[in-house]
1. With (1) surrounded by fewer than 17 Cβ atoms within 10 Å (Cβ to Cβ); (2) modelled with pLDDT of 85 or more as the list, and V114 as the residue in question, which single condition is left unmet?
2. Restricting to segment 49-68, give me the number of residues that are surrounded by 14 or more Cβ atoms within 10 Å (Cβ to Cβ) and assigned to a loop (DSSP other than H, G, I, E, B).
Amino acid sequence: MHLEKLVGAIVGIAMLLTIFLVPFSSAISVLAGAQDTLYIIFHFFLENLGSIPNLPNTALELIAYFYFFGTILLIVGGVLGSYPLLSGGLELSGMVLLTVSEFFSPQYTPSTVVYGFGYYLLWGLSIAQIVQTVAIRRSKIRIRLETNLGKN
């Protein structure tokens, strides 16, 4: 197995473990609970998917959809971890959706939102997935260039 895919799979597994096990805690935790993981928050929205369009506030509706689709992107990105560039792109897109959703909340500002360790860990893993792919590909190109230059 290629080093890039192996490291990507490890980061993907870490991403999935973070989604399911590490407290996420943010503005939406008022609805779901203070120490809930991202998956529990996602499950809350999944159970109430039919009632989301009936919310009285369109900002809450946007937050619900952003969290729902952001979590789906993170889970798919974690599952596709052995394809690190695709996985990293999906994970970054998911984290952007989760982060941007907080700006729609009328009660919370970015300074009042309390993020849990899971939020920061997911950002770090998303960025690590892209960085490790680029770093490994650059080293492969450098090795090929050195090999080709050495032959001349």
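1. (2)
2. Total meeting the criteria: 1.
The values are calculated or read from the model by the stated rules, or taken from the named source; none is laboratory data. Since the model is a prediction, treat every value here as computed from it, not as a measurement. Cβ atoms come from the backbone with ideal geometry, glycine included; neighbour counts cover every protein chain shown.
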